[in-house]
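Working notes, structure below.
The values are calculated or read from the model by the stated rules, or taken from the named source; none is laboratory data. As the structure is a prediction and not an experimental result, all values here were calculated from the model. Note: ideal-geometry Cβ built from the backbone for every residue, glycine included; neighbour counts use all protein chains shown. Side chains included, ligands, DNA and RNA excluded: accessible areas come from the protein's heavy atoms. Shrake-Rupley method; radii C 1.70, N 1.55, O 1.52, S 1.80 Å.
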Amino acid sequence: MGSEMCIRDSIGIDIGTTGIKSIIIDPKGNCLAKNSVSYNLTTPKPGWAEQNPEDWWQALKSSIKKLIEDSGVKSSDVKGIGLSGQMHGSVFLDKNYHLVRPAILWCDQRTYRECEEITTIIGKDNLIKNTCNPALTGFTAPKILWLKKNEPENFEKTKKILLPKDYIRFKLTGEFATEVSDASGTLLFDVRKRKWSDFVLSNLNIDKSLLPECYESIEVSGKISRIAAEQTGLKEGTPVVGGGGDQAAGGVGNGIVKEGIVSSVIGTSGVIFAFSEKPEIDPEGRLHTFCHAVPEKWFMMGVMLSAGGSFRWLRDTLCEKEIEIANKKCADPYDIMTEEASSIEPGSEGLIFLPYLSGERTPYPDPYARGVFFGLSLRHTKAHLIRAVLEGVTFGLKDSLEIMKKNNIVIKQIRASGGGGKSSLWRQIQADAFNSSVVTINNDEGPAFGAALLASVGTGNFSSVPEACKETIKITSETIPIKENVEIYDKYYKLYRSLYPALKSKFKNLSTELDESKTG
C-alpha cells in the first residue's frame, strides 16, 4: 500500500518573473518539499522587460535536483509533473531550436503601436468576438508583430514561438505544446472554441506553424526525455501534463473552481480572479476572459501590473534601514515595513498612491500611466509612504472587483494569497477596502501547487480538478472588515478614482517629452 501511494506523488513547477518555484506533493496534497531559485530581469530600455530563457532552464535543473533531495522521494516515485509560468512572454526559436533573442515578457510595454495596428486591422469588436479580449501591450501577438517590424532578421530566423512554461516543457520533453489557459493570453486564440483562431492568424499574417499544439490543462502533453532526465534527475518517461498559465494554475491552487469564490493574488502583478461556467465578456474589455485550467470552464480576471512590484520598488528604493534591520534579525524586510505601516491610521493621513509604475492594464489599459504619491506633506513619514503603497495597490485591486460586480459576477468569498495573503495588515486593508471578509487557505504556493494538482488529476490520482481542490484545500483564517475603516476607505477610494482621469493626458505628455529628449 505504501508503495502504491508513493508513486502517486506529483511535482508542480512555476516559471515566475523573479524566479522558479518547485513543489512536490503527496496524494493528499501535502507538501513534501519546496524551493525557489531566483534569476534576473533586464530592462534594456524604459518600458522594456526581457529575460534569457536559458536562465529559467538552469534554475529549473538546480531546483528539481534539490527538490528530490530534500523530499527524500525517488524520481521513480513521481507519477506526473505539472507546469505553470508567467503568461504572455514570447520565446523565439530558430530552425535548430536555439534561442533567437531574449524573451519579451508580460510586463513589457514596447508594443503599444502594434496594439493599435491589430485593433485597426481586425476591429475592436471583431477582436473581442474572436479572442474575448482587446489588444494589450502585455499579450503575445503584439510582440510577434513588433519583432517582425523592428528585428526582421530575427523574425526570419524564427521557426517556433513558445510561452515561458512551454519553453521549459520543450526542454523537458522535446515537445512543442501549450495548453488552453496560457494560449488564451496570446490574442491568437479563440477562447470560446478553445483552439487557435484561424481568423486572427490570417488577418495578422502569422503562420500557424509557428505555434505549438494546444492541449487541455490536465492532458499529458509529453514525457521526460532521456537528456532531460540526465540533466534534472527526473525519471525518463515521467508524464508532463499541460499545466496552466500562472493565473489559471494559481486559480486551481487557490480552489477557484466554482462560482462565488474569488481570489485576490498579490505577486509582482496583482490579480482579481473569478471562475465562470461560460466565457463571459466585459463589454469594455477591462477584464480578461480566458480558458480555465478546468476543462470546459473559463475565468475572468482583472490585472494590475505593479502590485507587489510597487512594494518591492519601495523596499529597494527607500527602505535600506529596514533591510539592514531584517538582516540582523534574520527576518523579512517586508515584515519590518508592514510593522512600521501598522502604526499609521487607515487613509495614511490623506496620502494616496497610484500604483502605475510600469503602466496599467485594469481598469486602464494605458502603457503611459506612471506612479504618483498624491497629498504628500511635511507631516508624512516613511511609515505613511509604506501604508499608502499597501492601500494604493488594494484600491487598484478593488477597481477589478467593482467591474466584476457590474458584470454580475457572484462574489461570496475572497481568498487572499501572495504577499497580500501573508501580511495580516494587508489582509485587513483588503477586507476594509473591499468591505468583505478575506480568507486564507492551507497553502501559499499558488501556481506551483495548482500545477502539481493538475498533474495529479492528469495522471489519475483524482477524477477531476474540483475534486482535487475539495480534498486538498482548507480555509485557515478569516479577516473581517472593520466598519469604521470601511467608511474611511470608501471616501479615499472615490478620491483615488478621480486622480487617473485628471492625469491621463499628462502621463502621455510626459512620455512624449522623454522620447523627444532622448532623440534630441
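Things to note:
- Förster radius 22 Å - calculated FRET efficiency between R379 and E484, Cβ distance, rounded to 0.05: 0.55
- Figure legend: label point modelled 7 angstrom from the Cα of E277 along Cα→Cβ; residues of the range 433-477 with amide N under 19 Å from it are 465-467.
- Packing-based ranking, highest mean first, of 65-73, 110-118 given that Cβ atoms within 10 Å are counted: 110-118, 65-73
- Residues in the chain average 40 Å² of solvent-accessible surface per residue, probe 1.4 Å, ligands and nucleic acids excluded.
- Using all pairs of distinct alpha-carbon atoms, the Kirkwood hydrodynamic radius of the range 5-75 works out to 13.2 angstrom.
- When the listed pairs K258/K422; K321/K382; K45/K171; K193/K278; K129/K412 are checked against a 18 Å cut-off, the alpha-carbon distance exceeds it for K258/K422; K45/K171; K129/K412.
- For the range 1-155, projected area of the alpha-carbon convex hull averaged over all directions, nm²: 11.8
- 13 Å beta-carbon shell around K506, net charge (K/R +1, D/E -1): +1
- Bridging of K148 to lysines at a Cα separation below 16 Å is possible for K157, K159, K160, K208, once same-chain residues fewer than 8 apart are set aside.
- Distance from the range 395-430 to the range 171-209 (C-alpha centre basis), Å: 30
- Segment K95-D207, extension gain: residue separation times 0.36 nm, minus the distance between their alpha carbons: 38.9 nm
- Modelled label reach - D444, point 7 Å along Cα→Cβ, the range 320-348 residues with backbone N closer than 20 Å: 322-343
- With every protein chain in place, the chain: carbon and sulfur % of accessible area (1.4 Å): 50
- Sorted largest first, the spans of the alpha carbon positions of the chain along the three principal axes are 64, 55, 46 Å.
- With a simple spin-label model that places each label point 7 Å from the Cα along the Cα-to-Cβ direction, the separation between S424 and T476 comes to 1.5 nm.
- Of the two radii for the range 70-114, the radius of gyration is 1.20 times the Kirkwood radius, both from the alpha carbons; that is the Rg over Rh value.
- Packing order of peptides 339-352, 79-92, highest average first: 79-92, 339-352 (average count of other Cβ atoms within 10 Å over each peptide's residues).
- With the simple spin-label model, which puts each label point 7 Å out from Cα in the Cβ direction, the K328 to N30 separation comes to 4.0 nm.
- Cβ crowding within 10 Å averaged over residues, with 388-400, 124-136 ranked highest first: 388-400, 124-136
- Amide N of the range 199-215 lying under 15 Å from the label point, which is placed 7 angstrom from the Cα of K159 along Cα→Cβ: 209-212
- Spin-label pair E54/K193, simplified geometry with 7 Å Cα→Cβ offset, distance in nm: 4.0
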